[in-house]
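Heads up, the thing below is written out as structure tokens.
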Protein chains: 2
Amino acid sequence: MTSLALIEAAAARLQGHARRTPLLNAPLLDRIAGRRVFVKAECLQLTGSFKFRGGWSAVSALPPEIRAKGVVAYSSGNHALGVALAAAMHGVPSVIIMPADAPPVKIANTRAYGAEVVTYDRDTESREDIGTALSTERGLTLIKPYDEPQVIAGQGTCGLEIAEQAAAAGISEAPVLTCCGGGGLTAGIALALQARAPGLTVHPCEPEGFDDTARSLAAGQILRNARPSGSICDAIVTPEPGRITFPILQRLCGAGLVATDEEALRAMALAFTHLRIVLEPGGAIALAAALFHADALGSDTAICTASGGNVDPGLFRQALDRFA
Amino acid sequence: MTSLALIEAAAARLQGHARRTPLLNAPLLDRIAGRRVFVKAECLQLTGSFKFRGGWSAVSALPPEIRAKGVVAYSSGNHALGVALAAAMHGVPSVIIMPADAPPVKIANTRAYGAEVVTYDRDTESREDIGTALSTERGLTLIKPYDEPQVIAGQGTCGLEIAEQAAAAGISEAPVLTCCGGGGLTAGIALALQARAPGLTVHPCEPEGFDDTARSLAAGQILRNARPSGSICDAIVTPEPGRITFPILQRLCGAGLVATDEEALRAMALAFTHLRIVLEPGGAIALAAALFHADALGSDTAICTASGGNVDPGLFRQALDRFA
């Protein structure tokens with residue numbers, strides 16, 4: 001199948017299960033940005049992030065007899081929640097491998113969706129090895145967070161919706177800023193827009209110091225981040241672009257944009273005030289880029305993903321205290 | 001025109017200007033409620049509340065030569081914002097009469113939408129008198145907050161959407177809990193549902209101590225609240241039900257429900273965690289009723305409006321500190 005056909009098939013499977021999220025805007029936010037800003041509010045997706053799309057797509061694509069044995073995924077957060085709920089809604093077991101120091105609320109909610117959570121020590125154990133072992137021992141299917149075609153196809157359904165919603169708003173040419181970790185959402189949206197809205201060009205957005213994708217795109221080869229962690233944008237900090245996603249980004253995306261952690265907090269506060277949505281830092285980085293770094297793109301309109309809203313209340317309070 | 005025809009005409013005028021807000025739900029929220037809970041997220045409407053619907057409906061219904069002279073409204077918050085933006089988008093002037101002690105951010109945002117704000121002293125001046133005087137002197141059309149058929153028709157468009165979205169979710173019978181002040185939203189939704197989804201029965205929800213509508217419905221006549229203020233649910237504290245809205249509520253609504261201010265804060269925290277939307281206390285009272293007081297309704301499903309999200313950051317922090 002072509003990439004578009006995979007995405008369309010995923011959209012058909014998601015129909016009636018995943019949510020069509022709104023494309024929000026606010027006149028007073030436009031004034032701050034100096035341009036029209038449209039926000040694809042994936043924080044309103046089931047489980048609080050776009051990851052439910054990919055999770056549902058992958059679980060629903062499995063042959064029933066394989067799916068019945070269950071699935072396994074490794075993730076510190078949003079992919080865990082998305083796969084756990086998708087598996088539960090299919091009535092099949094899931095095992096989620098999470099770092100022992102993951103936010104307690106994310107571990108608790110993953111369990112609440114019915115998943116078995118296996119914790120590991122980030123410093124001494126390999127989540128990939130644990131995943132492979134569990135997969136072999138128990139006959140579970142491993143669902144990778146981004147380097148997996150059906151996951152990319154699921155995230156691409158967000159791009160189909162952006163294409164339709166942008167057309168309905170009269171937008172045929174604009175940059176589309178995505179929150180980018182391993183590149184699953186960015187690749188999926190880029191593939192969908194190439195087919196359905198070729199005037200919309202995707203620009204991956206990352207936190208300062210963790211701009212592996214922006215640097216890799218500029219260098220024409222995969223480059224790693226210097227550090228494994230250290231940004232509050234935990235949801236989109238990955239060591240390097242994916243092996244499957246990066247060639248797609250290279251072919252279809254414009255230059256990457258970078259925003260600071262502080263700008264992400266500021267974007268969270270502005271989203272609170274003007275859009276009344278709850279964002280986590282990693283889910284606010286594209287909005288931060290649209291608000292504070294989009295002049296270089298030279299467009300009077302920007303579309304951005306608000307990709308997740310699973311944020312610790314204490315961190316959210318910080319954003320309000322400092323910037324609301 | 002019949003009431004339904006007025007609402008349908010308003011919907012046609014709102015098309016492409018107001019937002020069709022999503023009907024949200026979350027498995028973990030259902031577990032807390034002990035039933036399925038669907039939330040009509042009007043906090044995602046332009047200006048942050050359903051009031052934009054009524055404002056747009058009323059402004060757009062005026063004959064162009066009357067509209068061109070401008071409009072006037074009195075409101076401490078959401079109606080002010082809704083009318084101000086609707087007037088600005090029509091390119092006509094607006095004057096908004098606001099109490100001098102209204103939240104500064106609401107006054108500032110009303111001005112930011114281009115309105116002229118006239119402040120008055122709640123204790124010594126009458127906003128109705130000021131509105132009438134301005135209307136006469138300047139030829140402005142007064143747009144009342146709820147006792148105005150075109151405003152009720154605008155709020156009723158929210159009911160048309162609930163009817164469609166409930167049907168799409170397979171819900172044909174359920175209580176619909178509304179956040180109720182003067183009764184414009186409640187009356188509009190009740191009229192729309194009577195015509196389009198007669199199995200959905202509206203129950204107005206109010207804060208404890210300010211349950212004039214619930215008591216009036218029970219008594220069969222309009223009763224006033226004992227106090228003019230004193231709830232954090234400022235957006236829905238009115239002295240008594242409206243003269244136009246109350247007979248509609250009497251004819252179409254089930255019994256009113258009451259929740260406490262503390263339960264409203266708790267609902268705000270749960271909406272933050274599970275739906276990732278920002279609610280103000282008055283916009284969370286129906287969700288609070290659905291979560292904590294719906295057992296008496298005997299239904300395994302409840303729909304509620306989340307009618308507004310223009311909340312002071314300090315108050316929102318309180319909800320997070322205490323309940324998130």
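Every residue in the stretch B:57-77 that is closer than 14 Å to B:Met89 by Cα and basic (Lys, Arg), please.
B:Arg67
Which pairs have Cβ atoms under 8 Å, sit 6 or more apart or on different chains, and link a residue in the stretch A:30-59 that is within 16 Å of A:Tyr113 (Cβ to Cβ) to one that is of a type in the set (Asp, Glu) and open to solvent by less than 10 Å² (accessible area, probe 1.4 Å)?
Qualifying pairs under 8 Å: A:Ser49/A:Glu42.
Hey, any hits in the stretch B:263-281 for a residue that's in contact with a Leu (Cβ under 7 Å, 6 or more places away or on another chain), among the polar types (S, T, N, Q) and over 17 Å from B:Lys51 (Cα atoms)?
Taking every residue of the stretch B:263-281 in turn, none turns out to be in contact with a Leu (Cβ under 7 Å, 6 or more places away or on another chain), among the polar types (S, T, N, Q) and over 17 Å from B:Lys51 (Cα atoms).
Looking only at the stretch B:1-15, how many residues end up being modelled with pLDDT of 95 or more and either out of contact with any Gly (no Cβ under 6 Å at 6 or more places or on another chain) or more than 15 Å from B:Thr157 (Cβ to Cβ) (or both)?
10
Is there a residue in the stretch A:47-57 that is over 15 Å from A:Ile152 (Cβ atoms), assigned to a helix (DSSP H, G or I) and within 11 Å of another protein chain (Cβ to nearest Cβ)?
Scanning the stretch A:47-57 turns up at least one residue that is over 15 Å from A:Ile152 (Cβ atoms), assigned to a helix (DSSP H, G or I) and within 11 Å of another protein chain (Cβ to nearest Cβ).
Looking at A:Ser57, A:Ser94, can you tell me which residue is closer than 25 Å to A:Cys180 by Cα and hydroxyl-bearing (Ser, Thr, Tyr)?
Working: A:Ser94 fails: closer than 25 Å to A:Cys180 by Cα.
Testing whether each residue is closer than 25 Å to A:Cys180 by Cα and hydroxyl-bearing (Ser, Thr, Tyr) leaves just A:Ser57.
I'd like to know if the stretch A:205-222 contains one or more residues that are assigned by TED's automatic domain parsing to the domain that holds A:Leu249, free of Cβ contacts under 8 Å to residues at least 24 places away in the same chain and among the aliphatic types (A, V, I, L, M).
yes
Consider the stretch B:106-118. How many of its residues are open to solvent by 40 Å² or more (accessible area, probe 1.4 Å), within 13 Å of chain A (Cβ to nearest Cβ) and touching a strand residue (DSSP E or B) at 6+ places or on another chain (Cβ under 8 Å)?
Final tally of qualifying residues: 2.
Select from the stretch A:301-313 the residues that are away from chain B (no Cβ under 14 Å) and either open to solvent by 10 Å² or more (accessible area, probe 1.4 Å) or aliphatic (A, V, I, L, M) (or both) and list them in ascending order.
Of everything in the stretch A:301-313, those that are away from chain B (no Cβ under 14 Å) and either open to solvent by 10 Å² or more (accessible area, probe 1.4 Å) or aliphatic (A, V, I, L, M) (or both) turn out to be A:Ala302, A:Ile303.
How about the stretch A:260-275: which of its residues are farther than 13 Å from A:Leu320 by Cβ and within 13 Å of another protein chain (Cβ to nearest Cβ)?
Within the stretch A:260-275, A:His274, A:Leu275 meet the criteria.
Which helices (runs of 4 or more DSSP H) sit wholly inside the stretch A:213-300 and have at least 2 residues that are closer than 19 Å to A:Gly183 by Cβ and open to solvent by less than 40 Å² (accessible area, probe 1.4 Å)?
Ranges flagged: A:245-252, A:281-292.
Would you say A:Asp295 is of a type in the set (D, E, K, R) and within 14 Å of chain B (Cβ to nearest Cβ)? First the steps, then the outcome.
On the way: of a type in the set (D, E, K, R): yes; within 14 Å of chain B (Cβ to nearest Cβ): no.
Criteria not met by A:Asp295.
Pick from the stretch B:28-38 the residues that are in contact with a Ser or Thr (Cβ under 9 Å, 6 or more places away or on another chain) and under 13 Å from B:Thr273 (Cβ atoms): which of them is farthest from the other protein chains (Cβ to nearest Cβ)?
So the residue we want is B:Leu29.
Mind listing whichever residues of the stretch A:184-198 are among the hydrophobic types (A, V, I, L, M, F, W, C) and open to solvent by less than 10 Å² (accessible area, probe 1.4 Å)? Give the derivation first.
Taking the stretch A:184-198 first, the residues among the hydrophobic types (A, V, I, L, M, F, W, C) are A:185, A:187, A:189-193, A:195, A:197.
Answer for the stretch A:184-198, where residues must be among the hydrophobic types (A, V, I, L, M, F, W, C) and open to solvent by less than 10 Å² (accessible area, probe 1.4 Å): A:Leu185, A:Ala187, A:Ile189, A:Ala190, A:Ala192, A:Leu193.
Are any of the residues in the stretch A:169-183 open to solvent by 20 Å² or more (accessible area, probe 1.4 Å), out of contact with any strand residue (DSSP E or B) (no Cβ under 7 Å at 6 or more places or on another chain), more than 19 Å from A:Leu46 (Cα to Cα) and not in a loop (DSSP other than H, G, I, E, B)?
no
Just give me the residues in the stretch B:59-105 being within 14 Å of chain A (Cβ to nearest Cβ) and surrounded by fewer than 24 Cβ atoms within 10 Å (Cβ to Cβ), in sequence order.
Across the stretch B:59-105, the qualifying residues are B:Ala88, B:Met89, B:His90, B:Gly91, B:Pro103, B:Pro104, B:Val105.
Confirm whether B:Thr47 is open to solvent by less than 30 Å² (accessible area, probe 1.4 Å) and under 30 Å from B:Ala197 (Cα atoms).
Yes.
Table: residues versus (1) part of a helix (DSSP H, G or I); (2) open to solvent by 10 Å² or more (accessible area, probe 1.4 Å).
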site	(1), (2)
B:Ala5	yes, yes
B:Arg20	no, yes
B:Arg31	yes, yes
B:Val39	no, no
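Taking the options A:Ser76, A:Ser60, name whichever one is part of a loop (DSSP other than H, G, I, E, B), outside the structural domain of A:Ala187 (by TED's automatic domain parsing) and of a type in the set (Gly, Ala, Ser).
That would be A:Ser76, the only listed residue that is part of a loop (DSSP other than H, G, I, E, B), outside the structural domain of A:Ala187 (by TED's automatic domain parsing) and of a type in the set (Gly, Ala, Ser).
When you scan the stretch B:229-242, do you find a residue that is within 14 Å of chain A (Cβ to nearest Cβ) and either of a type in the set (Asp, Glu) or within 24 Å of B:Lys51 (Cβ to Cβ) (or both), even just one?
Among the residues of the stretch B:229-242, at least one is within 14 Å of chain A (Cβ to nearest Cβ) and either of a type in the set (Asp, Glu) or within 24 Å of B:Lys51 (Cβ to Cβ) (or both), which makes the answer yes.
The values are calculated or read from the model by the stated rules, or taken from the named source; none is laboratory data. Computed from a predicted structure; not experimentally measured. A quick note on method: Cβ atoms are made from the backbone with ideal geometry, for glycine too, and the neighbour counts reach across all protein chains shown. Accessible surface is based on the protein model in full, side chains and every heavy atom, while ligands, DNA and RNA are left aside. Shrake-Rupley method; radii C 1.70, N 1.55, O 1.52, S 1.80 Å.
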